[in-house]
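Note sheet for the following structure.
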Amino acid sequence: MGILADLFYPFRRPAQPPARPATGFFTDTTLCIGCKACEVACKQWNQLPSDGFNFTGDSYDNTQALSGTTWRHVVFVEQFPQPQKTESGFAPEALDIEALLAEPPAGRWLMMSDVCKHCGIAPCEIACPTGALIVNEFSNIYVQNDICNGCGYCVAACPFGVIARSPLDGHAHKCTLCYDRQRDDMPPACAKACPTGSIQFGPIDELRVRAHARLEELDARGVSGAYLYGDSPSASYSALNAFFLLIDKPDRYGLPNDPERPQLHLRGDYLRAAFGTLAALAVIAASLMSHVF
Amino acid sequence: MQPRIVTKAPPWHGWVTADLFLLSTASGTFTMAAMVVLLRPWEMDALARAAFLIVFPLMLADLACLILDLGDPARFHHMLRTFKPSSPMSVGVWTISAFSFIAFLAFIAEILDWPQSAIRSIAAAGLVPALVAGAYKGVLFSATAQPGWRRMRWLGGAFAVSSASMGAGLMLALAAGAGQPGAARLFRFIVMWLLVLNALAVRRVMGSTATTGHLSDVGDRRAALRVSLCYTGFIVAGLGVPIVLCAIGGGNSTIDGLTAAIVLGGGLASRQFLVALPHRSAPNRT
Amino acid sequence: MPGLGASFGRGAATTFQRDLANSDCVLIMGSNMAEAHPVGFRWALKARERGARLIHVDPRFTRTSAMADTYVAIRAGSDVAFLGGIINYLLEHDLWFHEYVLHFTNAATVVAEGYVDAEDGGGLFAGFDPSTGRYDRDAGAWGYSIAGGAPEQDPTLRHPRCVFQILRRHFARYTPQTVAEICGCSPADVIRVAELLARNSGRERTSAIVYALGWTQHSTGVQMIRSAAIIQLLLGNIGRPGGGIMAMRGHCSIQGSTDLPTLYDLLPGYLPQPAVVPEQATLASYLQNGRGFSAALNNRAAGFWQEEAFAGYWANLPRFMVSLLKAWYGDSAARENDFGYGWLPKNDGDHSELATFFRMYEGGVRGLFLIGQNPAAGAPNAELNRAALRNLDWLVVRDWFEHESANFWYADPRIDDPKKIRTEVFFLPAASIPEKDGTFTNTERLIQWHEKAVDPPGDCRSDAWFIYHLGKRLKDLYRESALKRDEPIRNLTWNYERDEPERLPDGTLSRIGDEPDIEKVLKEINGRRLSDGAMLESFAELRDDGSTACGAWIYCGVFPREDFNRARSRNPAIVESTYPEWAYAWPANRRVMYNRASADPEGRPWSERKKLIWWDEQQRKWIGNDVPDFEVAKPPSYRPGADARGMDAIAGDAPFIMHPDGRGWLYAPSGVKDGPLPAHYEPRESVTENRLYETQTNPTLREYASEINQLARRVDPDFPIVATTYRLTEHYLSGPMSRFNSWLNELQPEMFVELSPELANERGIEHRGWMVVATPRGEIEARAMVTRRIRPLTIEGRTVHQIGLPIHWGYAGETVGAIANDLTALITDPNVSMHEAKAFSCKVRSGRLARSNLGEPVPAAPRANRSDPIPGTPRWAEPEGRFNSRGLRRRG
Ligand code: SF4
Ligand code: SF4
């Protein structure tokens, strides 16, 4: 009985909920203070276990990466120049106060709360052979925990190294964008916990408008090098529904500089495979039909 | 500074290597047998027959590997919920299902000694699934974000040729073993030309991954060198040597056996190399 | 907090955190706000986003520095020098706010003849008695010069003894160059910070200063705060939106525990605890002498203007005190028996925490209740504290987990044989915050109610439950006693029984039947009129005739009606710059204290941009966006008559109503025990001589010299490295609440020491490798975190290294690690008996200790129960992450 039920379970097709406005995250790294409240809020809401206690020495980042049991991860990047010998012979009269005040700080410590990008066209979802990964009614990429059988193809497909198979149950897991909370009209736990507004949640159109406004604001304040990552589609990748405001190159934060949709060449790959097949077939057929043998 | 690799290597290890090997061998062998049955039934009936008897057990073993490799093997049938051409794995699952079924039919047919016409129909029906099964894995790998794999535009083609050559290799061994010099000569010829094709395909695959332009995919310069060496090894030892053996080893069944062993062993080794590639490349970020 | 108290009148942050968003410049110093107060830090960030400059001055580059526009690295313990440099720059470059300073501060007041400043005394102020190591402010003539019954004024600021001139001379030697050499920064850094503050202050702009334990935990901590107060008064930033000094408190509700104190020398509402001295034998004499200015009374004329008993708000002391006694002793308190004044315990010495533990160590304490505290890892010289605990007969620990102070007798790795420890330890599990009702009073004096959400598990009970039932049992034991000495217990009002059984938010009955009614406690604190039992709405209603009862006058108004708990208000609506309906801020729901100073002497806002309250001539009262911290109907033009008393003695242009002269004190004639002006002294353990004065260290600091508390010599070459302790966001205090939580432990799993690559190179210490840190008190081993965030400083031409030690580890918990406080010393400052964990000297080497003393971690909470279904929860509604190997989440 039980076995039979298990057998038929995945084939049921319950009615789909009606679509709702697409939602996402806008993570503004210039506001992140690296408090990791998001990491903890995520684990607490979702009751995820800890990943073990490993002192990495990699700045204050001891969880290192997103995993099947870490769905928010705060990246720390220390950027400090070799200190120079302080100039001697201080002459207060010669001091240019204006220049003094405009002097930028000597180093910086970047922090970014990383998360599943909820890609507009999600390679993991496309790759998933069971249909466990779906685009839900909020246009978020969601793993149906009861469907996934742990084939691992999504892991291979994700260009951001987000989704992972947990050794605990053998299934793939990642940020659900707090699907359960959203259905009850609550913001995701991380966005709720973030004290500074670095993580912003909302309808994706609104977020994009807000992000552009923010960019202008930063520009006006003289923050150089700020840009949006994943805000709009590139030649090789779709827009991200969880996008970021960065102030250094993406790979400094552990993001690919030019993400590429793995299925970009799929049709060609199929054709080249067919070509190879036909070539082999031709060799075989020609040999078999030849009268030399 | 090289951009750091951020992708996670998929949790694929030994079971997947075994699956790649078994599936290639099975599909290649079936292809060879089916082609023989369809094109030269008069001559090598017994060989084809032996091949059909081997293919199904190979497929059984392969299915076992496929299932065991899942995170949750009890849910293997969830694969059959959907059919997604966009997912080579989904395509593959359906292909393998069809192919396994036909391999089973062929197996039964040989055991129950079904009429020749039935076997011919089974062979004809199984040819397409067998060919797809032999080739799709390459596409499955190349349509990922993994360092190395994602650049291998010709991997599907390479898999197709490699599967065929492994099948031909097995047939050569069978022919040599069964003391059929005529058939052996034929398969030696096929193996040789398939290997030549194979070398071309590997060259293409290699060209797209091990060049300095794509260093980022395999880590640093040394890793790239290692990868290049591996490729060269495969081409020289795995393909070049058996080609030479085929060319010179006329009539010697030991050499034929050695050839087949190298072809199959090379297939296994190259598949292991392939599976391990992202694990080697991705710097301890799992 | 005498630093703020002496400067402005009340020992609390002058503003609220949200107000930081209104600032044009925020100087964060002695605080790692982003890490220790991340939620409050959002307002500092808001200010930055609105264009304000964020400055962080700190020995380490922290997550706060990462957010700041300007960061200055200084040597730990050199803060007074740095701030002195700013004061010097402001004065020398005439950057101070003239009108504000002239009217609202005591700049023009002339100091008594005979006063000798540290400038002329080699670092000592007049009145120092080397035999006791204390100052006598009367002998030192710290008071004002009195002319015609009032302090002498010189509005021209030219009088050589006027505060302004004293200030100028005092800080003359704090030039940017000198200061930079002390702090290890560049002179340009001092100037940059001073300029930024000055440019962002004045009529149109305001700057705020934020500090925390990074200032208080020094032997000169109070003077660091005083320095900040002087800067803010000079720049005119007190009492104005976006200005002020924000004191970030170290623990949750620590403000509350000084308001209704767990301190030995204060009664609720900052009333002084009576002492065992003849002058305080009766209520009447206490009321005259209580606030500790007894000596001045001998010379009434001179004492008058500093004497709170006469002028300023403290003239109301009798009302506060009598109402407190009525709250505590109820009907038993009557005029005939001094309202039960005799029943109050009288103070007979230093019973501060550190002093008590030292006595305990010496065998002078037999039993201890330890509620929510972990001295075995969290107090300075932790080994001394553990030795003290080992000396007890009995110890009751109430906490969530069995932390270091509860398991020291068997888990401390330095213990060889638990049998030899005679302390009997009782561990009582405590309820956590969501498991009990109560209030937090946060750093901005905001009293916020928190509701109980669920019953605590098992035998866990709230602390209130414990104290309440302890009290009930004690009263039972003494019920029959006729002894006089038992009257304090017998007469205590103790009636917090619930009228109705307790219900949880979901409507079900609580499993625990006998939790006291916390609202009743808050009502008692708020106070009632005894004639009709009506709740009091304001402390103005308090009487000294026994007709009102009030548990803490400053909280009066938090419960103005029987059914209206203002601490529970949750209306976030923002009115201009404040949010008056969110909880309740004492006093009287004022958000910005001394806000009379937001208007000019004539009562007009200094500027439209920075207006807060102002005098409305039509209505003849003060109006605006905050509750005026002033008598509402007192016009700006009001001038007191010669014999005015109490609030009547405060002029209409004197915003600091708690001070007898109504002014902010640039110079503190009283209230600070180590000098009326801040002077830079080196930390007790320093790597350099005091460059400014002959006096090396704070002359009044107290050393608890003993075998177990050894101190380094003056500029000890054996201990050449500066060490400072700090917190990480990921853990809390010494870790009793966080090191039992895997989610926090995985974020910071191991004790480490932060050091610069230069020091690491010099000592052969490897990043992530082990290193040993030693002080005369002890040695610890920890991982090395080599980072450029720590930089070597150049002090007097030589390189001085600093290291940072997080304080979060111990030998209990899921993660264990060395105790930073095994290194710190027990020395205390004279004002608040605060230790000096933020600056001491040490030496380092690579490697490990011969005998590791990290301890054994307790296993992380088992994951087995993850598969247990949650009661009353359908599987599909279970948290997404509750997956396990048995495929729990298979059914949708
Ligand atoms: S980031 Fe990765 S896991 Fe997330 S939606 Fe995109 S492909 Fe999927
Ligand atoms: S909660 Fe917000 S500020 Fe804190 S680490 Fe996460 S994103 Fe950064």
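What the table below lists for this structure:
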| read-out | value |
| --- | --- |
| Test: B:Phe189 is open to solvent by 20 Å² or more (accessible area, probe 1.4 Å) and facing chain A (nearest Cβ under 7 Å) | yes |
| Leading residue by the ranking (nearest to C:Phe41 (Cα to Cα)) among those in the range A:35-52 that are over 17 Å from the mean Cα position of the chain (by Cα) and in a loop (DSSP other than H, G, I, E, B) | A:Cys35 |
| Test for A:Ser67: is it open to solvent by less than 80 Å² (accessible area, probe 1.4 Å), within 7 Å of chain C (Cβ to nearest Cβ) and either within 16 Å of ligand 1 (Cβ to nearest atom) or hydroxyl-bearing (Ser, Thr, Tyr) (or both) | no |
| Positions within the range B:36-48 being within 11 Å of B:Ala123 (Cβ to Cβ) and open to solvent by 10 Å² or more (accessible area, probe 1.4 Å), in sequence order | B:Leu38, B:Leu39, B:Pro41 |
| Residue list for the range A:166-194, filter: among the aliphatic types (A, V, I, L, M) and within 16 Å of ligand 1 (Cβ to nearest atom) | A:Ala172, A:Leu177 |
| Qualifying residues in the range C:723-756 (those that are more than 10 Å from every other protein chain (Cβ to nearest Cβ), closer than 21 Å to C:Ala379 by Cβ and touching a Lys or Arg at 6+ places or on another chain (Cβ under 8 Å)) - the one surrounded by the fewest Cβ atoms within 10 Å (Cβ to Cβ) | C:Leu733 |
| Matching residues, the range A:261-293, being outside any helix (DSSP H, G or I) and facing another protein chain (nearest Cβ under 7 Å) | A:Phe293 |
| Residue match in the range A:59-78 (condition: more than 16 Å from ligand 2 (Cβ to nearest atom), within 17 Å of the chain's Cα centre (by Cα), assigned to a loop (DSSP other than H, G, I, E, B) and in contact (Cβ under 8 Å) with a residue 60 or more places away in the chain) | yes |
| In the range C:460-484, the residues that are closer than 18 Å to C:Ile433 by Cβ and outside any helix (DSSP H, G or I) | C:Cys460, C:Arg461, C:Ser462 |
| Filtered residues of the range A:208-224 (kept if open to solvent by 50 Å² or more (accessible area, probe 1.4 Å) and either within 16 Å of ligand 1 (Cβ to nearest atom) or basic (Lys, Arg) (or both)) | A:Arg210, A:Arg221 |
| Only listed residue being in contact with a strand residue (DSSP E or B) (Cβ under 8 Å, 6 or more places away or on another chain) and either open to solvent by less than 10 Å² (accessible area, probe 1.4 Å) or within 16 Å of ligand 2 (Cβ to nearest atom) (or both), chosen from A:Val115, A:Val143 | A:Val115 |
| A:Ala41 vs. criteria within 13 Å of ligand 2 (Cβ to nearest atom), touching a residue at least 24 places away in the same chain (Cβ under 8 Å) and either loosely packed, with under 14 Cβ neighbours inside 10 Å or farther than 30 Å from B:Ala143 by Cβ (or both) | yes |
| Residue within the range C:509-521 that is surrounded by 14 or more Cβ atoms within 10 Å (Cβ to Cβ), of a type in the set (A, V, I, L, M) and part of a helix (DSSP H, G or I) present | yes |
| Only one of A:Thr27, A:Thr23 that is touching a Gly at 6+ places or on another chain (Cβ under 7 Å), hydroxyl-bearing (Ser, Thr, Tyr), within 16 Å of ligand 1 (Cβ to nearest atom) and more than 9 Å from every other protein chain (Cβ to nearest Cβ) | A:Thr23 |
| Positions within the range C:39-59 being in contact with a Phe, Trp or Tyr (Cβ under 7 Å, 6 or more places away or on another chain) and either among the β-branched types (Val, Ile, Thr) or within 20 Å of C:Ser219 (Cβ to Cβ) (or both), in sequence order | C:Val57 |
| Per-region count, the range A:176-202, residues near ligand 2 (Cβ under 9 Å from one of its atoms) and either of a type in the set (Lys, Arg) or at positive phi (or both) | 1 |
| Failed condition for A:Leu255, given (1) in contact (Cβ under 8 Å) with a residue 12 or more places away in the chain; (2) more than 30 Å from B:Val91 (Cα to Cα); (3) assigned to a helix (DSSP H, G or I); (4) within 8 Å of chain B (Cβ to nearest Cβ) | (3) |
| Failed item in (1) closer than 16 Å to C:Trp449 by Cβ; (2) surrounded by 17 or more Cβ atoms within 10 Å (Cβ to Cβ), with C:Arg561 passing the rest | (2) |
| Filtered residues of the range C:788-813 (kept if more than 28 Å from C:Pro176 (Cβ to Cβ) and either touching a strand residue (DSSP E or B) at 6+ places or on another chain (Cβ under 6 Å) or not in a loop (DSSP other than H, G, I, E, B) (or both)) | C:Leu805, C:Pro806, C:Ile807 |
| Residues that are closer than 30 Å to C:Val72 by Cβ and either over 16 Å from the mean Cα position of the chain (by Cα) or more than 14 Å from chain C (Cβ to nearest Cβ) (or both), drawn from the range A:103-141 | A:Glu103, A:Pro104, A:Pro105, A:Ala106, A:Gly107, A:Arg108, A:Trp109, A:Leu110 |
| Hits in the range B:165-186 - residues which are within 10 Å of another protein chain (Cβ to nearest Cβ) and open to solvent by 10 Å² or more (accessible area, probe 1.4 Å) | B:Gly182, B:Arg185 |
| Top-ranked residue in the range A:257-274 [being over 15 Å from the mean Cα position of the chain (by Cα) and surrounded by fewer than 17 Cβ atoms within 10 Å (Cβ to Cβ); ranked as nearest to A:Ala156 (Cα to Cα)] | A:Leu264 |
| Which numbered condition C:Asp19 misses (of (1) of a type in the set (D, E, K, R); (2) open to solvent by 10 Å² or more (accessible area, probe 1.4 Å); (3) in contact (Cβ under 8 Å) with a residue 40 or more places away in the chain; (4) away from chain A (no Cβ under 11 Å)) | (2) |
| Filter result (within 8 Å of another protein chain (Cβ to nearest Cβ), open to solvent by 20 Å² or more (accessible area, probe 1.4 Å) and in contact with a Ser or Thr (Cβ under 7 Å, 6 or more places away or on another chain)) within the range B:80-117 | B:Arg81, B:Thr82, B:Lys84 |
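Here's the yes/no breakdown for (1) away from ligand 1 (no atom under 14 Å from the Cβ); (2) in a loop (DSSP other than H, G, I, E, B):
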{"site": "A:Ile134", "(1), (2)": "no, no"}
{"site": "A:Ser139", "(1), (2)": "no, yes"}
{"site": "A:Asp146", "(1), (2)": "yes, yes"}
{"site": "A:Cys151", "(1), (2)": "yes, yes"}
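Residue by residue, here is whether (1) open to solvent by 40 Å² or more (accessible area, probe 1.4 Å); (2) away from ligand 1 (no atom under 14 Å from the Cβ) holds:
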| position | (1), (2) |
| --- | --- |
| A:Ala157 | no, no |
| A:Thr196 | no, yes |
| A:Glu206 | yes, yes |
| A:Ala226 | no, yes |
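The values are calculated or read from the model by the stated rules, or taken from the named source; none is laboratory data. For clarity, every value in this text was computed on a predicted model and none was experimentally measured. When we count neighbours, we look across all protein chains shown, and the Cβ atoms used for this are built from the backbone with ideal geometry, even at glycine. The area values use the complete protein model at the heavy-atom level, side chains included, leaving out ligands, DNA and RNA. Shrake-Rupley method; radii C 1.70, N 1.55, O 1.52, S 1.80 Å.
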